[in-house]
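Following: one structure in structure tokens, then a few remarks.
The values are calculated or read from the model by the stated rules, or taken from the named source; none is laboratory data. What you see is a predicted model; the values in this text were computed from it and never measured. Positions of Cβ are generated from backbone atoms using ideal geometry, with glycine treated the same way; all protein chains shown enter the neighbour counts. For accessibility, only protein heavy atoms count, side chains too; no ligands or nucleic acids. Shrake-Rupley method; radii C 1.70, N 1.55, O 1.52, S 1.80 Å.
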Amino acid sequence: MIRIENFINGLHLPPRVNSYLPCYEPATGALYAEVPDSGPEDVDLAVLAAEQALLIWSGMSQAQRHDILMNLSYLIKENLNKLAQAESRDTGKPIKLAKQVDIPRAVDNFKFFASSIMHFASESHHMPGVQAINYTLRQPLGIVACISPWNLPLYLLSWKIAPALAAGNVVIAKPSEVTPMTAYLLSKLCKEAGLPPGVLNIIHGAGPRAGQALVEHPKIKAISFTGGTATGRRIAKIAAPQLKKISLELGGKNPNIIFADCDYDKALSTAVKAAYSNQGQICLCGSRIFIERSFYDRFKADFVEKVSRLRIGDPSKASTQVGALTSASHRDKVLAYIELAIQEGGHVICGGEVPSLPSQMSNGYYVAPTAIENLSFDCRTNQEEIFGPVVTLTPFDTEEELLLYANSVSYGLSATIWTADVSRAHRLAEKVDAGIIWVNCWLLRDLRTPFGGMKDSGVGREGGLEAMRFFTEPKNVCIQYGA
Ligand code: TXE
């Protein structure tokens, strides 16, 4: 049994009340670790450590911070296999995905923001008429909280920590209690990377206890959160009266729009990927597939055939393409949505059940890749985020009809459009409600671009300059040099 510890002031510590929460291995359902059930007293300790570290860290040159963050990036790369194995075991995701996407992305996040701070410039505004000049200082906020979810644990944790630290803030991070392992392993690399004690603190524990105590703490200046929309709303409610800065990256119910003039093979294979990567537990997954009616039947048949060839099972096997869902409660939620879809009149065209797997995995949290058709665009199955390997297929005839369907949901995170018609692509990109539009591709990411959603998908943007701006306070200085 692995016992995870908090990381406060450079030390690995048990929670002050000495109680722990269980961690289960999604592939088998077996208990394999325990994670601190931290509370306000642990948050207080971390705030104290962060406060003491702030002067040292914010007073360092950009080059010094760059070097330390680059060291962390190199260390994650050196430990890639170990971290990928831990991520796969903790989340149930295929080891191949952890090795090719999750951990390399954590390496890149630190590398990207380490170099960003070396190029981060602030504005200057000249007023020749009155002989004055303004320049804007971009100063660190102070102590910031980074709260991350269970679907892409190290990937999303580092996406928040790296810009916060690069900009000179000190951080208290709270990874998901469901998948704490890689954050724990990261904390073990901090000393070797040269990060001074207290600059990064990691508090483990349940959202309503440890997470909420962090959000409520008056010394926390900003909260960067990724997770469910309901939790985002709760955090916003607590943060608003204290006038804290918030960045909320929440759920999605993203349309994948396929026109008959598309590159058929690419659209088809990417639609399968966008539906079932990480068992559909990515906020950017294309879970509502809209297909032009003229080729709906052909597309459906080929989609189902491709899905039937996906290899589902033991996440630790290199050949596995679909692993387990991350928790038993989440698996139950996904299965309940399949039931709901059937009650709403949906036809399950593939999957829809728990797959039969070898006995050692019989208590794991598996759901077969599922596709459902014959549902109205405005039914609950098509409106609510399922966040699992479940997609719907819906035909459309015109662009107007498609826009009605695509924009009918309360979410607005991402959308994918498949067409060879450039004018149509631009036209729709303008009209679809989403913070991120992919045309003839999916999940192609440039870390410099703004990342985030509109409507119930969140507030604010991450990535590139947006993240550096979020984690800094602009202060304008106006100097009149004339008489
Ligand atoms: O996430 P939570 P849940 C969606 C997805 C999923 C649903 C609920 O639809 O089914 O959200 O998932 C911490 N104060 N996404 O409930 O609770 C929590 O400990 C402060 C989409 O598992 O939002 C964890 O660290 N923190 C999503 C983090 O919030 C709190 C990824 C996220 O957990 C807290 C995950 C509180 N009161 C789920 N309550 C995406 N956008 O990618 C919880 N937390």
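Remarks
- When the Cα convex hull of region 255-446 is projected onto planes of every orientation, the mean area is 10.7 nm².
- Centroid-to-centroid separation of region 45-108 and region 313-384 [C-alpha atoms, Å]: 32
- For region 127-156 versus region 243-302, the gap between their alpha-carbon centres in whole angstrom: 32
- Radius 9 Å from Cβ of Pro15, net charge of other residues (Lys, Arg +1; Asp, Glu -1): -3
- With a Förster radius of 35 Å applied to the C-beta separation of Leu243 and Glu339, the computed FRET efficiency comes to 0.20.
- The chain, relative contact order [Cα under 8 Å, separation at least 6], %: 19
- Each label was represented as a point 7 Å from its Cα along the Cα-to-Cβ direction; for Ser308 and His426 these points are 4.3 nm apart.
- Residue-span extension gain [Leu404 to Lys266] - 0.36 nm each, minus C-alpha spacing: 47.1 nm
- Sites Ser316 and Leu13 - FRET efficiency at Förster radius 41 Å, r taken between beta-carbons, to 0.05: 0.85
- Using heavy atoms of the protein chains and a probe of 1.4 Å, the accessible area assigned to His347 is about 100 Å².
- The stretch between Val459 and Tyr32, if pulled fully straight at 0.36 nm per residue, gains 150.1 nm over its current Cα-Cα span.
- Over the residues of the chain, the helix contribution to mean residue ellipticity at 222 nm works out to -11500 deg cm²/dmol, using -39500 (n - 2.57) for each DSSP H run of at least 4.
- Local net charge near Asp265, Cβ-Cβ under 14 Å (Lys/Arg +1, Asp/Glu -1): 0
- Taking region 216-268 and dividing mean pair separation by its residue count, relative contact order in percent (alpha carbons under 8 Å, at least six apart): 38
- Taking Cβ atoms as reference points and 11 Å as the exclusive limit, the residues near Gly460 contribute a net charge of 0, counting Lys and Arg as +1 and Asp and Glu as -1.
- Candidate residues Lys174, Lys300: accessible-area rank, largest first, probe 1.4 Å: Lys300, Lys174
- 0 to 90° range, to nearest 10: angle between helix 328-343 axis and the chain longest Cα axis: 40
- Using a probe of 1.4 Å on the protein chains alone, the accessible area found for Arg380 is around 120 Å².
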